[in-house]
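What follows is a short report on a single structure.
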Amino acid sequence: MKHYLLLLLICISPLSHAKQIAITFDDSPRKADGYFDGPERAQKLIQALKKHNIAQVAFFSNSLGLNAEGIQRLQSYSQAGHIIANHTHSHPDFNNMTVEEYAQNFLLADLELKQFKGFKKLFRFPYLRDGNSELKRTGMQAVLKKQGYINAYITLNNYDWYMEDLFQRAIKKGVALDFDRMRQFYVQVLMESIEYYDAMAQTHLGRSPKHILLLHEMDISALFVGDLVDALRRKGWSIITPEEAYTDDIAQYQPQGVFSYNPGRIGEIARDKGQKAGLWHHTLDEAYLEKRFAEEVLSIKLERVME
Ligand SMILES: [Zn+2]
């Protein structure tokens, strides 16, 4: 009987129950003057995505970076089949701006990013700050709607940008970095935050939603995104396109209150359901990452260094 039940369970669990995740990169064309230069980074990133059978990701771009080299980079992402989307012109902080100023910045990016074949009307708020008052939030939502955009929220937050900082600083200092250790550090930290937010989603939704991972267009992304995807697949995740991810019901979710510092859609849902602590995973912390980088990549016990 037990075996029969087990067999039945296996049979009624369709493959679609694999956890699903879309990959997005913010801030392209992001500063590149360290390990790789801009064109190298773009080439490596495109190669890594292709090698790991990731058909489509989205690049949330800032049009301020569109000099000849920046245009070339976005062009190459676009030509490789990826989405180019709007992340404002100059990456302003909505907490310090009126809706009118912010909307202008958004519209300027719209105008300049339209030139790319892969352009889609998806908008990601810089710092995920979508309005620190009800008036600002609804104001910008109305602007997006009028322009035919959707709010390209994220569900999986992390501080990959700080891991890049640690990496570039070590390279600049001439540290002979152990790339295997760096790779492990990157993959482990990201997997921990991904699993944390997925568990939080399951607690509050009773299911694993179609997730959207926030990454940035950086050197460590180009170097290690393939390893991250391998780790995800080993744990039963499948990679979906960003547009597929935004068909999830949580795309229609209207948060009940404003956040000055938004942790992402799962955090919004959790807070509305009464969760107060832990909306930010503990890996989203500079000092914490610095300590782990020193121990796990550089093999330094930080306490000893500070004596
Ligand atoms: Zn950004």
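For the stretch 77-101, the set of residues classified as farther than 19 Å from Ala152 by Cβ and part of a strand (DSSP E or B) is empty.
Conditions (1) among the aliphatic types (A, V, I, L, M); (2) in contact with a Pro (Cβ under 6 Å, 6 or more places away or on another chain), marked per residue:
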position	(1), (2)
Gly81	no, no
His91	no, yes
Lys121	no, no
Arg124	no, no
Leu128	yes, no
Ser133	no, no
Tyr149	no, no
Tyr153	no, no
Ala176	yes, no
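If you go through the stretch 196-210 and keep only what is under 17 Å from Ile240 (Cβ atoms) and open to solvent by 70 Å² or more (accessible area, probe 1.4 Å), you end up with just Arg207. Report yes if Asp219 is open to solvent by less than 10 Å² (accessible area, probe 1.4 Å), under 21 Å from Asn151 (Cα atoms) and among the charged types (D, E, K, R), otherwise no. The answer is no for Asp219.
Applying the condition of being within 16 Å of the ligand (Cβ to nearest atom) and in a helix (DSSP H, G or I) to the stretch 60-72 and asking which residue is most open to solvent (accessible area, probe 1.4 Å) yields Leu64.
For the stretch 81-140, the set of residues classified as within 16 Å of the ligand (Cβ to nearest atom) and among the aromatic types (Phe, Trp, Tyr) consists of Phe94, Tyr102, Phe106, Phe123, Phe125, Tyr127, listed by residue number.
Scanning the stretch 241-283 for residues that are touching a Leu at 6+ places or on another chain (Cβ under 9 Å), more than 30 Å from Gln56 (Cα to Cα) and in a helix (DSSP H, G or I) yields a single hit, Arg271.
Of the residues contained in the stretch 160-173, none is found to be open to solvent by 10 Å² or more (accessible area, probe 1.4 Å), of a type in the set (S, T, N, Q) and not in a helix (DSSP H, G or I). Screening the candidates Lys44, Lys51 for the property of being away from the ligand (no atom under 15 Å from the Cβ), over 18 Å from Phe167 (Cα atoms) and not aromatic (Phe, Trp, Tyr) yields one hit, Lys51. The residue that is surrounded by the most Cβ atoms within 10 Å (Cβ to Cβ), among those in the stretch 1-56 that are at pLDDT 95 or above, closer than 21 Å to Thr241 by Cβ and hydroxyl-bearing (Ser, Thr, Tyr), is Ser28. Within the stretch 227-246, the residues that satisfy the criterion of being more than 16 Å from Ala18 (Cα to Cα) and surrounded by fewer than 22 Cβ atoms within 10 Å (Cβ to Cβ) are Asp227, Glu243, Tyr246. Please determine whether any residue of the stretch 145-154 is at pLDDT 95 or above, more than 30 Å from Glu295 (Cα to Cα) and of a type in the set (Ser, Thr, Tyr). Taking every residue of the stretch 145-154 in turn, at least one turns out to be at pLDDT 95 or above, more than 30 Å from Glu295 (Cα to Cα) and of a type in the set (Ser, Thr, Tyr). Taking each residue of the stretch 116-128 that is open to solvent by 30 Å² or more (accessible area, probe 1.4 Å) and looking for partners that are part of a strand (DSSP E or B) and within 12 Å of the ligand (Cβ to nearest atom) with beta-carbon atoms closer than 9 Å, six or more apart or interchain, yields Phe119/Ala85; Phe119/Asn86; Lys120/Ala85; Lys120/Asn86; Lys121/Ala85; Lys121/Asn86. Restricting attention to the stretch 165-183, the residues that are without any contact (Cβ under 8 Å) to a residue 40 or more places away in the chain and closer than 14 Å to Glu290 by Cα add up to 2.
The values are calculated or read from the model by the stated rules, or taken from the named source; none is laboratory data. Computed from a predicted model, the values in this text were never measured in an experiment. Counting neighbours? That spans all protein chains shown, and the Cβs are built from the backbone with ideal geometry, glycine included. With ligands, DNA and RNA removed, areas are computed over all heavy atoms of the protein, side chains included. Shrake-Rupley method; radii C 1.70, N 1.55, O 1.52, S 1.80 Å.
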